[in-house]
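What follows is calculated from the coordinates using simple rules that are stated; it is not laboratory data. Since we're looking at a predicted model, the values are computed, not measured. Cβ atoms come from the backbone with ideal geometry, glycine included; neighbour counts cover every protein chain shown.
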Amino acid sequence: PTGWVHRARNEFDRVIAVFEECNDERGLAWAFCLLSDIHWMACRARDAEAAAQSALRHAELAGAVDSMGHVFARMPTAAAVGPTPVADAFRRCDEISKKCGDNLASRAWIQSARAYLVAMTGQFDKARQLSGAAAAQLGELGMQLEKAAVTGQGMSFIEMLAGRPAAVADWGAGPGRG
């Protein structure tokens, strides 16, 4: 619906005040997760990453890091596609990887973000391999929508950087994308 991002952002401060008054760290974590989505939908990657970092901080205080898979997906992706320099984004992916533990979906999202970053360094075959593996992992986890996002958006990004815009139409035929 038109304008929902703006309306949601306007409600955010009110929601935060309620969770803060109740000392509800888990509620704050989920509220900042939503704020991350709001910024993401408005194409503000840096703000989305900052909100995701706040969500993680509150989740850590609540002892609920294991429920923050969404945050572990947003943080590396925002670092990869936002204004963060490539070397810094690789470091952020390493930091996030240490925090997400054995969560396979989070690891797949980190691998997808790494594919973007590797493509930015000109290593397109390696980037395709990483993106395909991330998509395959999400598919094995039954996360078909997420697999489609990694496949479509990730491979399109890689092929455009590689100077192969015509190859974008073929993204569905490669390994890990069927």
Per the helix-only model, the chain has a calculated mean residue ellipticity at 222 nm (DSSP H runs of ≥4, -39500 (n - 2.57) each, divided over all residues, rounded to the nearest 500) of -23500 deg cm²/dmol
Angle check, please: helix 69-81 long axis (alpha carbons) against the longest principal axis of the chain (alpha carbons), in degrees 0 to 90, nearest 10.
60 degrees
Candidate aspartates and glutamates for bridging to K98, where Cα separation is under 13 Å - those fewer than 8 sequence places away on the same chain excluded
D66
Using alpha-carbon pairs under 8 Å, 6+ residues apart, how would you state the relative contact order of the chain in percent?
14 percent
Treat every Asp and Glu Cβ in the range 29-178 as -1 and every Lys and Arg Cβ as +1, leave all other atoms uncharged, and give the resulting dipole magnitude about the Cα centre to the nearest 20 debye.
200 debye
Alpha-carbon centroids, the range 1-61 and the range 88-123: separation in whole Å
22 Å
Where Rh denotes the Kirkwood radius from the mean inverse Cα pair distance, what is Rg over Rh for the chain?
1.00
Net charge of Cβ neighbours under 15 Å - reference H39; Lys, Arg +1; Asp, Glu -1
0
